[in-house]
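Okay, structure first, notes after.
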């Protein structure tokens, strides 16, 4: 569904679903009415808040609107919301559920202590200024294991630490004892990392540890870690690179491996000859995503790419330099350095850091501060005796994920704690546990697991109690919920009154097109081929090759020679055919002509059998499709040599292609840009050479800058009006805009708008 009917819709959709938090005034002064729509008032404060927020989102209005200019957009927006309310769309079950979902999601941000969160953001940023290379050894133990198991894991970690302090090799000890499976390959070495790339307790311990030291056991959800910091360095920042990728699976057959290596070496050779990186990318890369951008990737920092790629990229010291070919699990790469980017200021990164912190375990620290405050504000009072009774009670099936609590027993009705003056019974906690524990908890001890769940329950109950009161306590939250409310209604009413109608009303679309047909024009274009050659000789040779299709490439490959009467392939034949497989794998546009000959003394069937055996090897062993092979049996009646009879006992090969670019590549092997081929349909301004000549069918030859250019124009398509089918997408968008305009005009009649001009003049 398209929602980009006009800038207004985009503007307020962004408003509704991309809120920017700001502080609202706590002043008790009355908020004056700015306007009424159908008798429903909107205050100056609501308008100002919406206006300020929309100044912070992407500029969809083509410039910064003044409050007075913005007021017209705001009125149209409120009119649509008013229309939705008048129809009762805000009373439906679907609306209430959607609003409740958005409200619940937003509440999480307001239920986290902002000061504590800000401290975590600052801490993460300061740590991002430094990168750490560390090794670790993990003694695995579940987070809610029995105390005895936890103690045993801790003691094992301490014993291993003692061995490390006594000089044992960290890598060897990690390979033999670590619960991290990767240690078998890396000896526990995690490489370089920075903040927000490891779980928080691990990160904190690593950043506090001196180089070369081994930490005390560090507890995470995975168990106990022994950490050794191998090295520290200032943050490398980020790099922006372009790359060439020749894709290769790790276990690819030998012919594919050889073809990939040949292809990346050819790309590297082209760069060394001075060919532009972007052109080499276009010709060689297998990365379809970055091909159109010249191989350019998004900037990245430490720990964001696989090791060899990251090392190659950061190893380039000079902008414009490129690496030698190197291999990763994805294939072969060449990387070019475009830009080195230092760590951005905190103000630029805070949004990204906030998202990562919220998804990270450290976010619970901010919640804990909030939880402590809520307990105080809402009169949380725990009953220790009942809690101990609950924790000591039998919990059959708890760790197996089959917990069935006794909800009718005497314990179930006892008060576990009070909140807001209301008792919370044990029964509610048991129901909470039953819903949470639905899978086996391997290694967990029932008592420890129950205590962990109790902590979660207390948190949930306090936050659940607070949520309904957020609007009373926080003006920002109240405004945000109102924005969600209006945004949902806006989408629903636009969908029914404009979007669906414009998409389904084919008669209306055609009528609109007929009224506005002159808006939809197809510019003048030509179907043409441009050969841009370094010399006339190169151009003449290219003309000969392109005279017929498919184009012969004159690429040399040695003939296969057979003993008299022999048709089977020898090991030497297979070695020779391997080169052909490499060529075909590297050039998917190629086809090959396989021609068999025989001496006059041989049977008539010999040459055909030789061709058949070669083709069978190429298709079954080499994976070449039959559609790429042409079989020719010339037998003994068309000898390959009239003077050397044994030269007729052979199979020969000729390569062809349907791609003019392959022909150009043949010329460019010896010298970059020997031949540049451009073909397709062009409009004015898309090709400078075409723009410089008359647009008429036929061939034109010219010289520019020491080069010889041949331009073949097959067809000239004059400028014309588009048909409805050609213009349909644009027509639908324009028709949507017209329907919306008409609809809003009707809404203004239905819901009269009264503006308080005195308050408008005060807007800033």
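On a 0 to 90° scale, report how tilted helix 724-750 is relative to the longest principal axis of the chain, with both axes built from alpha carbons and the result rounded to the nearest 10.
Roughly 20 degrees between the two axes.
Can you give the Kirkwood hydrodynamic radius of the stretch 332-400 from its Cα pairs, in Å with one decimal?
Values: mean 1/r = 0.0558 Å⁻¹.
Taking the inverse mean of 1/r over all distinct Cα pairs, the stretch 332-400 comes out at 17.9 Å.
Which peptide among 215-228, 108-121 comes first, and what is the full order, when sorted by highest mean count of other Cβ atoms within 10 Å?
With the highest mean Cβ count within 10 Å placed first, the list reads 215-228, 108-121.
Spin-label point model (7 Å from Cα, Cβ direction): what's the residue 451 to residue 661 distance in nm?
Between residue 451 and residue 661, the label points sit 6.6 nm apart.
In whole angstrom, how far apart do the alpha carbon centroids of the stretch 667-717 and the stretch 124-186 sit?
So the two Cα centres are separated by 65 Å.
What is the Cα radius of gyration of the stretch 199-249 over 2.2 N^0.38 Å, N being its residue count?
The value comes to 1.72.
Roughly speaking, what is the stretch gain from residue 86 to residue 230, that is 0.36 nm per residue apart minus the C-alpha to C-alpha distance, in nm to one decimal?
45.1 nm
If we sort 595-607, 173-185 on the protection proxy, mean other Cβ atoms within 10 Å, highest first, what's the order? Each step should come with its number before you reach the end.
Working: 595-607: 19.6, 173-185: 16.4.
Ranking the peptides 595-607, 173-185 by packing returns 595-607, 173-185.
With the Cα gyration tensor of the stretch 102-165 in hand, convert its eigenvalues to equivalent ellipsoid semi-axes via √(5λ) and list them largest first in whole Å.
36, 22, 9
With the alpha-carbon atoms as the only input, what is the per residue convex hull volume for the stretch 550-657 in Å³?
96
Starting from the eigenvalues of the Cα gyration tensor, five times each then square-rooted, give me the equivalent ellipsoid semi-axes of the stretch 300-375, largest first, whole Å.
They are 39, 16, 7 Å, listed from largest to smallest.
FRET efficiency for residue 262 and residue 175, Cβ-Cβ distance as r, R0 = 30 Å, nearest 0.05? Provide the component values of the computation, followed by the final result.
On the way: r = 37 Å, r/R0 = 1.25.
Efficiency for this residue pair is about 0.20.
For the stretch 646-688, restrict the atom set to alpha-carbon positions and state the Rg and Dmax in Å.
17.2, 59
What ranking, highest mean first, results for peptides 528-534, 447-453, 405-411 when packing means the other Cβ atoms within 10 Å averaged over each residue?
Those peptides, ordered most packed to least, come out 528-534, 447-453, 405-411.
Quote the relative contact order of the chain in percent (integer), defining contacts as alpha-carbon pairs under 8 Å separated by 6+ residues.
Values: 1147 pairs, mean separation 124.2, N = 764.
Once divided by the residue count of the chain, the mean separation gives 16 percent.
Angle between the Cα long axis of helix 446-466 and the longest principal axis of the chain, 0 to 90 degrees, nearest 10?
Its long axis makes an angle of about 80 degrees.
Using only the alpha-carbon atoms of the stretch 223-319 as identical scatterers, what base-10 log of I(q)/I(0) does the Debye formula give at q = 0.10, 0.22 Å⁻¹?
-0.38, -1.25
Compute the length gained on full extension between residue 536 and residue 555: take 0.36 nm times their separation in residues and subtract their Cα-Cα distance, giving the result in nm to one decimal.
Going from the current span to full extension adds 4.7 nm.
Do you know the relative contact order of the stretch 274-428, to the nearest whole percent, from alpha carbon pairs under 8 angstrom that are 6+ apart?
Computed value for the stretch 274-428: 11 percent relative contact order.
Test of understanding: express the Cα radius of gyration of the stretch 418-564 as a ratio to 2.2 N^0.38 Å, with N the residue count.
On the way: Rg = 37.5 Å, N = 147, 2.2 N^0.38 = 14.7 Å.
Its radius of gyration relative to the 2.2 N^0.38 Å reference: 2.56.
What is the distance in Å between the Cα centres of the stretch 308-338 and the stretch 566-601?
Computed from Cα coordinates, the inter-centre distance equals 36 Å.
Show me the three semi-axes of the equivalent ellipsoid for the chain, from the C-alpha gyration tensor (sqrt of 5 times each eigenvalue), largest first, rounded to whole Å.
For the chain, the semi-axes come out at 63, 46, 26 Å.
So how much slack lies between residue 762 and residue 288, counting 0.36 nm per residue of separation and subtracting their Cα-Cα distance, in nm?
Once the chain is fully extended between residue 762 and residue 288, it gains 165.1 nm.
May I ask you to derive the FRET efficiency for residue 317 and residue 570 from their Cβ-Cβ distance with R0 = 45 Å, giving the value to the nearest 0.05?
Values: r = 51 Å, r/R0 = 1.14.
Here the calculated transfer efficiency is 0.30.
What does the convex hull of the Cα atoms of the stretch 476-554 come to per residue, in Å³, rounded to a whole number?
Value for the stretch 476-554: 332 Å³ per residue.
State, as an integer percentage, the relative contact order of the stretch 238-342 based on alpha-carbon contacts under 8 Å between residues 6 or more apart.
With pairs under 8 Å counted, the relative contact order is 45 percent.
Pairing the Cα long axis of helix 571-586 with the longest principal axis of the chain, what angle in degrees results, from 0 to 90 and rounded to the nearest 10?
Long axis of 571-586 versus the principal axis of the chain: about 60 degrees.
Output the Kirkwood hydrodynamic radius of the stretch 414-469, Cα pairs only, in Å rounded to one decimal. Intermediate results must be reported in sequence, preceding the final value.
On the way: mean 1/r = 0.0811 Å⁻¹.
About 12.3 Å for the stretch 414-469.
Quantify how much of the Cα-Cα distance distribution of the stretch 612-661 extends past 11 Å, in percent.
75
Using a Förster radius of 60 Å, what is the FRET efficiency between residue 273 and residue 431 based on their Cβ-Cβ separation? Nearest 0.05, please.
On the way: r = 74 Å, r/R0 = 1.23.
Computed FRET efficiency for residue 273 and residue 431: 0.25.
Let's test this: bin the Cα-Cα distances of the stretch 130-234 at 5 Å from zero up to the farthest pair and state each bin's percent.
Binned Cα distances yield the sequence 2, 14, 24, 26, 20, 10, 3, 0, 0.
When each pair of different Cα atoms in the stretch 673-764 is counted once in the 1/r mean, what is the Kirkwood radius in angstroms, to one decimal?
Evaluated over the stretch 673-764, this radius sits at 19.3 Å.
Kindly give Rg over Rh for the stretch 583-638, based on alpha-carbon atoms, with the Kirkwood expression for the hydrodynamic radius.
1.05
Computed from the coordinates by the stated procedures, all read-outs in this text should not be read as laboratory data. Here the structure is a predicted model, which means the values were calculated and not measured. With ideal geometry, Cβ positions are generated from the backbone for all residues, glycine too; neighbour counts draw on all protein chains shown.
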